[in-house]
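What follows is one structure encoded as structure tokens, with my remarks underneath.
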Amino acid sequence: MNKKFQLIILVVFIATAILGLFVFSGAIPLGKQGSDNVPQGTVVLWGTVKSGDISKPLEDFNRININAFSVVYEEKSPDTFDSDLLEALASGAGPDMFFISDDLAYKYSNKIYTIPYTSFSTNTFKNNFVGAGEVFLTSKGVLAFPLSVDPLMMYYDRSILDASGVAYPPTYWDELVNLVPILNKKNEQGLLTRSTVAMGQFSNILNAKDILASLFLQSGNTIVAEKSGTFTSMLNDTASGGNSSDALKFYTDFADPLSPSYSWNKGFANSRDAFSRGEVAFYFGFASEFEELVNKNPNQDFGVVSIPQVKGRNSKLTYGHTTGIAISSFSKNFNTAFTAAGLMTKGDFASKLSTALGIAPARRDLISITPTDAYLPTFYASAFFAKSWLDPSEKGTNDIWKGMIEKVLSNSLSADQSINDASAKLRLLLVPKI
């Protein structure tokens, strides 16, 4: 009898330990729960991912969980997603979950269920997800489960480099500057006909804000940080060692005719089109742009590598768009949404969806598995050291970045003054809305 009782106690102890492990890892939610905590029923997920890309991964995911719950996906237009989501949540008819990007996380932070660290600790989060996912960490908890990372890459035209006797694309920024007199081409009037790199301007460079953000982050500036529970601009902060004004000056020099780095002007087409036409040797674009670049010019011989780094730094860094799955505070089936969101960011779903989109999963265990695709390993490698920043307003910061660049190029403000002006405007965007 005593042996049987001891066996029962042992079984209960093991079961309790396993349950505690699942709770600690975040697989079982704590906090916002009803009397029935069993995940069941159907939950709705919104996003801008094309239905054709997500249908197979989601079908497989639902098949695995067929006896518990299912997820229904609704594709929304990228142009109206923000307004559609705001309107739906305001009317109480919104989705249970939605894909959230780093440039919408701040805006929706008061409409997202923030997962408390008692349910999903900071240590557990960092052990599971790459650094870019930390954009979803706040002092109050986790805004979203990171799903994928789309790192900023450097595409290069092999034909241009080969014809100029350049064996390899640059690893460091100073090497890129040294290539300017080799790769630039001018006509008899001294006007640029071929550029080394699309940098320096804003209006005709597709990813200008993200390139400059990468330079800020590489300099050690976090752009935005949380202090005493509120977010504020760090653009003009030098106490932490970052120097944004040097990064801004470095960027704008590529569009300054008086600078040795001069390589770009407003006369060129937008940077991606110019690259596809063979008018520029290096183009900074995201991993997700690869297929479009192939389709633009199937005959172009181009390669892709990580963006250049600052020489002498022990760490590597690039900017990456990070997407996560957020749980609506207004979900009527919270526990199922929580469980589904957690499960979708790991295993087959995250891996298959990332592959379909040509980007990298955000989980460390998934990104450590080298894909067999010719280019995905390069994208995965960059995603490992990618970082994101909490952009309060895509349009608002686009305007700020544009002004910051153009004021330096027009000599109306110095780089230092322009950074201070931009930081003040960014601080206003971060003022909490009542």
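The values are calculated or read from the model by the stated rules, or taken from the named source; none is laboratory data. Quick caveat: nothing in here was measured; it's all calculated off a predicted structure. Positions of Cβ are generated from backbone atoms using ideal geometry, with glycine treated the same way; all protein chains shown enter the neighbour counts.
Quick look at the values:
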{"quantity": "Filter result for Leu179 (more than 21 Å from Tyr262 (Cβ to Cβ) and not in a loop (DSSP other than H, G, I, E, B))", "calculated": "no"}
{"quantity": "Residue list for the stretch 158-210, restricted to those being aromatic (Phe, Trp, Tyr) and either outside the structural domain of Gly267 (by TED's automatic domain parsing) or surrounded by 14 or more Cβ atoms within 10 Å (Cβ to Cβ) (or both)", "calculated": "Tyr172, Trp173, Phe202"}
{"quantity": "Those residues of the stretch 52-87 which are touching a strand residue (DSSP E or B) at 6+ places or on another chain (Cβ under 8 Å), surrounded by 14 or more Cβ atoms within 10 Å (Cβ to Cβ) and hydrophobic (A, V, I, L, M, F, W, C), in sequence order", "calculated": "Ile54, Leu58, Phe61, Phe69, Val71, Phe81, Leu85"}
{"quantity": "Residue list for the stretch 194-231, restricted to those being modelled with pLDDT under 95, among the hydroxyl-bearing types (Ser, Thr, Tyr) and over 19 Å from the mean Cα position of the chain (by Cα)", "calculated": "Ser228, Thr230"}
{"quantity": "Hey, Ala105 in contact (Cβ under 8 Å) with a residue 24 or more places away in the chain and either more than 23 Å from Gly347 (Cβ to Cβ) or in a loop (DSSP other than H, G, I, E, B) (or both) or not", "calculated": "yes"}
{"quantity": "Restricting the stretch 385-397 to residues that are among the hydrophobic types (A, V, I, L, M, F, W, C) and touching a Gly at 6+ places or on another chain (Cβ under 9 Å), the residue that is surrounded by the most Cβ atoms within 10 Å (Cβ to Cβ)", "calculated": "Ala386"}
{"quantity": "Residues (modelled with pLDDT under 95 and aromatic (Phe, Trp, Tyr)) located in the stretch 318-331", "calculated": "Phe330"}
{"quantity": "Residue that is closer than 30 Å to Val280 by Cα, at pLDDT below 95 and either crowded, with 17+ Cβ neighbours inside 10 Å or of a type in the set (Ser, Thr, Tyr) (or both), where the choices are Ser382, Ser315", "calculated": "Ser315"}
{"quantity": "Filtered residue count, the stretch 305-351, keeping only those that are touching a helix residue (DSSP H, G or I) at 6+ places or on another chain (Cβ under 6 Å) and either part of a strand (DSSP E or B) or on the phi > 0 side of the Ramachandran plot (or both)", "calculated": "8"}
{"quantity": "Unmet criterion (only one of (1) in a loop (DSSP other than H, G, I, E, B); (2) in contact with a Ser or Thr (Cβ under 8 Å, 6 or more places away or on another chain); (3) under 22 Å from Lys186 (Cα atoms)) for Ser261", "calculated": "(2)"}
{"quantity": "Helices (runs of 4 or more DSSP H) within the stretch 357-434 that include 3 or more residues under 25 Å from Phe302 (Cβ atoms) and under 20 Å from the mean Cα position of the chain (by Cα)", "calculated": "376-384"}
{"quantity": "Of all residues making up the stretch 254-277, the number that are in contact (Cβ under 8 Å) with a residue 12 or more places away in the chain and either surrounded by fewer than 16 Cβ atoms within 10 Å (Cβ to Cβ) or closer than 20 Å to Thr318 by Cα (or both)", "calculated": "9"}
{"quantity": "Any hit, the stretch 254-261, residues being of a type in the set (Phe, Trp, Tyr) and within 15 Å of Ala415 (Cβ to Cβ)", "calculated": "yes"}
{"quantity": "Meets criteria (assigned by TED's automatic domain parsing to the domain that holds Pro181, within 21 Å of Leu390 (Cα to Cα) and assigned to a helix (DSSP H, G or I)) for Leu217", "calculated": "yes"}
{"quantity": "Hey, Gly358 at positive phi, in contact with a Ser or Thr (Cβ under 8 Å, 6 or more places away or on another chain), in contact (Cβ under 8 Å) with a residue 40 or more places away in the chain and not polar (S, T, N, Q) or not", "calculated": "yes"}
